[in-house]
């Protein structure tokens, strides 16, 4: 019966994510099982595993999607766009994709902040996304050293903007905060 | 007898580090015990534990020392030194401290690169050092957002320069490679 319900569900994945986030915050990450998540979402465990490899992936699969989005934007840019500008455009693009997800992003961050293992996983994901961005830049012909530095700068701006965005009392747009970060980079680097 | 030897040793800590690095490379990190390290160094386990909490710390205690060195330099700078300049000076200072340690740094990196857990630990250490640098900047009156970005930039330059330094075929000085990184940041940020 529950399985039958899930077949009608237009967004099983979204319901699983929502159920997981709720439970991680209510009971703690370690105390929550895949069975609990499926039950809360009104779906079966089988359905869960069609969407996620394990409960941790509910928190981190979004980073992979954002990485792919970012690399897609980068690959579509004209070859003469300067390095830092191409990084800015790619990162503002993912910030735009995330604009309507502030409440979920805030919950997710609270879950990660409460758990050392998840913080480590998050750092590893960040390192992977940074390496992928550097790789995307070298594919555009940017020399290695410049690509690595530009990717590090871009991801630093992204993550700092992300932290500001989820808690911003004025609820400014994510892409605007990212844009501000790139402006700040310019003035910082020029030695103001 | 061995303990007596250790009392005469002018540099038990250095001998323990050298023994640990050798064994980690010969046998693998997981296959090496504290007893093995002490034996190779001609010291007792008790002496080992006077210097390091565990075998992992042999690899990572240096990062804590560098962090303290960096914060000391930062604290001693005149208040009117611009943010990015103060970060550059602090990071070039630690690069100078490390100048004679290239062979050890190279071994250490090979050990870490071969082991996923150590790579994670290294990322966590990097995040901690970055947070400490940001904190050191806010103590100089730099606003939070600027301090966080400057710390991220500085550590990005440091780690990229470090990777280049340990494998540099021309054996250039670490501080010179760091300096180059800050020049590259300037030209990148200005949108070349």
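A short reminder: the numbers here are calculations on the coordinates, not readings from a lab. Just so it is clear, the structure is predicted and the values come from calculations on it, not from any experiment. Positions of Cβ are generated from backbone atoms using ideal geometry, with glycine treated the same way; all protein chains shown enter the neighbour counts.
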Point to revise | For chain A: span of alpha carbons on each principal axis (Å, largest first) | key: 60, 34, 27
Review point. Between the helical axis of B:55-75 and the dominant principal axis of chain B, each derived from Cα atoms, what acute angle in degrees is found, rounded to the nearest 10?
Key: 30
Check your understanding: Hey, what angle do you get for helix A:102-113 against the long axis of chain A, alpha-carbon based, 0 to 90 degrees rounded to 10?
Key -> 80
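Averaged across B:80-88, how many Cβ atoms of other chains sit within 10 Å of each residue's Cβ atom?
Details: counts 0, 0, 4, 4, 7, 2, 0, 1, 1.
The mean count of partner-chain Cβ atoms within 10 Å per residue comes to 2.
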Study note, to complete from the structure: For the protein assembly as shown, using Cα atoms only, the Rg and Dmax in Å read 23.6, 77
Practice item. Put a label point 7 Å from Cα along the Cβ direction on residue B:138, then list its distances to the equivalent points in the other copies in nm, shortest first. Key: 3.6
Check your understanding: residue B:61 label points, 7 Å along Cα→Cβ, one per copy: pairwise distances from this copy to the rest in nm, shortest first?
Key -> 4.5
Exercise for review: Please determine, in degrees from 0 to 90 and to the nearest 10, the orientation of helix B:83-97 with respect to the longest principal axis defined by the Cα atoms of chain B, where the helix direction is its Cα long axis.
Suggested key: 30
Revision key, fill the gap. For residue B:76, inter-copy label-point distances (7 Å, Cα→Cβ), nm, shortest first, read 5.3
